[in-house]
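Trainee: Here it is, the structure, as structure tokens.
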Amino acid sequence: MTGTTTLTFEALTELIGEIFLKAGFSPLAAASLAATIAAGERDACKSHGVYRVEGCLRTVKAGKVVPDAVPEVEDDGASGIIRVDAMNGFSGPAFEAGAPLVAARAKKLGIAALVINRCTHFSALWPEVETLTGMGVAALAMCPSYATVAPAGGTRPLLGTNPIAFGWPRPGTTPYVFDFATSVAARGEIELYRRAGKAMPEGWAVDAAGQPTTDPAEALAGAMLPFGGHKGSAISTMIELLAGAMIGDLTSTEALDWLGTTTLAPHHGELILAFCPERFAAGRADPFAKAEALFEAVAGQGARLPSQRRFTARAKAAAEGITLTAEEMALMERLRDKGLDAVQTL
Ligand code: NDP
Ligand code: PYC
């Protein structure tokens, strides 16, 4: 297939939203997920861009997510923990229900937590922490996934690719944000290598026999590796504890048992912590001025801030649009026209 299609962010969001509405998503879920996926394409984060749309539909068709679930908020209006039960739906509507509450509570108490239970979470975390920095708080988000990563020193899947993201608000400019899988690479990255028929870099994964591999298919059938050896393994384990065991939700191993496959989007919980820097600093110093001095010092060494590549891609997309390949566009059109009939569950 040849030729490309260039769309505005709004047009791509609308196209993905149409697909989701046709597949039975609630208008809120369709809008929320479509904006997150379109933002992945806009910010050049293809591992969580349009290729995820088909996976969402397959997960619906397999009966593993409720596309029109209405999240239920549990909040007594005073405590530091706000809980949202996603009611087995996608995480987006649950996050949107809880985000303004957790930001407001953090401003009141200094710190607050948003616990999301029983959600399907397939997306990048930066849209969430950016939403919270936009509300004036710093944020730390994390969730398990499904067991695809061996612990450091091990050879079999046990941990998830367990993402962790942090955002710090910067008055007058884009926030400081990092967001990464605790595996060497996100599983979505390996899937893109598989689709492109390319070998992966060394050190990302072992095959089913526990031997190092650069073959994406062997890696997907084997185990991915944590980033930074024992350090990434420990952070990933912490995420299993805080955003799985502690919040009364599934660990990555339990999530895989529940789903029965890694070909659908995973179901588990999520933990998001919100901090009010002014409340923590309590007048001792200006935390935002100190942060700016630190960021300037980073840039002063010729290093770049995380998310700088994304924000550059975002500006380029605003000026020039978002370009999809002919294959990607054909898939979007097929999913829009045929809905759930276009996908298989295996
Ligand atoms: P990357 O390794 O691509 O990027 C990690 C972070 O490091 C980004 O914030 C990136 O900023 C930054 N960065 C990269 N290179 C540099 C550099 N040279 N200097 C400074 N900062 C740098 O991310 P991953 O592949 O690990 O993860 C991709 C996405 O997958 C994440 O958004 C994550 O949330 C998502 N994910 C979601 C899962 C889920 O279950 N929902 C599971 C696993 C992953 P920049 O983007 O600007 O390059
Ligand atoms: O890319 O590792 C990943 C991933 C897992 C679940 C959603 N994304």
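Trainee: At most 14 other Cβ atoms within 10 Å and a DSSP loop assignment: could you name the chymotrypsin sites (Phe, Trp or Tyr not before Pro) in region 78-122 that fit?
Mentor: Working: sites: 90, 95, 122; in loops: 122.
Taking region 78-122 and a limit of 14 other Cβ atoms within 10 Å, no loop chymotrypsin sites (Phe, Trp or Tyr not before Pro) are found.
Trainee: Determine, from the Cβ-Cβ distance of residue 284 and residue 156 and an R0 of 56 Å, the FRET efficiency 1/(1 + (r/R0)^6), rounded to the nearest 0.05. Can you show the working numbers first?
Mentor: On the way: r = 48 Å, r/R0 = 0.86.
Working from the Cβ atoms, E equals 0.70.
Trainee: Work out the count of Lys pairs in the chain where the Cα-Cα distance is under 22 Å, with the pair 8 or more places apart or on different chains. Write down the numbers at each step before the final one.
Mentor: Working: 22/61; 22/64; 22/338; 46/198; 46/316; 61/338; 64/338; 107/290.
Going through the chain pair by pair, I get 8.
Trainee: With a cut-off of 8 Å between alpha carbons and a minimum separation of six or more residues, what is the relative contact order of the chain in percent? Please list the in-between numbers first.
Mentor: Numbers: 739 pairs, mean separation 79.6, N = 346.
Rounded, it is 23 percent for the chain.
Trainee: Quick check: residue separation of residue 198 and residue 211 times 0.36 nm, minus the Cα distance between them. What number comes out in nm? Numbers along the way, then the final one.
Mentor: Numbers: separation 13, 0.36 × 13 = 4.68 nm, distance 1.87 nm.
Extra length available between residue 198 and residue 211 comes to 2.8 nm.
Trainee: A further question follows. How high is the FRET efficiency between residue 78 and residue 297 when r is their beta carbon distance and R₀ equals 35 Å, given to the nearest 0.05? Could you put the intermediate results ahead of the total?
Mentor: Numbers: r = 40 Å, r/R0 = 1.13.
Once the sixth-power term is evaluated, E becomes 0.30.
Trainee: Figure the gain on full extension for residue 261 and residue 334 (residue separation times 0.36 nm, minus the Cα-Cα span) and round it to one decimal in nm.
Mentor: Values: separation 73, 0.36 × 73 = 26.28 nm, distance 2.44 nm.
Contour length minus the Cα-Cα distance gives 23.8 nm.
Trainee: If packing is taken as the mean number of other Cβ atoms within 10 Å per residue, what is the order of 1-8, 167-174, 179-186, highest first? Each step should come with its number before you reach the end.
Mentor: Numbers: 1-8: 12.2, 167-174: 15.6, 179-186: 23.8.
Highest-to-lowest ranking by the protection proxy: 179-186, 167-174, 1-8.
Trainee: Taking the Cβ of each residue in 230, 268, 121 as the centre, tally the other Cβ atoms inside 10 Å and list the residues starting with the fewest.
Mentor: Working: 230 11, 268 30, 121 24.
The order, fewest Cβ neighbours first, is 230, 121, 268.
Trainee: Please list, by residue number, everything in region 305-329 whose backbone N is under 16 Å from a paramagnetic label point 7 Å out along Cα→Cβ of residue 173.
Mentor: What the label zone holds, given the 16 Å backbone N cut-off, is 305-313, 315.
Trainee: Express in nm, to one decimal, how much length is gained between residue 246 and residue 68 on full extension, taking 0.36 nm for each residue of separation and deducting their alpha carbon distance. Write down the numbers at each step before the final one.
Mentor: Details: separation 178, 0.36 × 178 = 64.08 nm, distance 2.72 nm.
So the chain would gain 61.4 nm between residue 246 and residue 68.
Trainee: Sorted by average packing, counted as other Cβ atoms within 10 angstrom per residue and highest first, what order do 43-55, 276-288 take? Could the numbers behind the result be given before it?
Mentor: Details: 43-55: 20.2, 276-288: 13.2.
Listed from highest to lowest mean packing, they are 43-55, 276-288.
Read-outs: derived from the displayed coordinates by stated rules, not from any lab. These numbers were taken from a predicted model, which means no experiment stands behind them. Ideal geometry is used to build each Cβ from the backbone, glycine not excepted, and the neighbour counts take in all protein chains shown.
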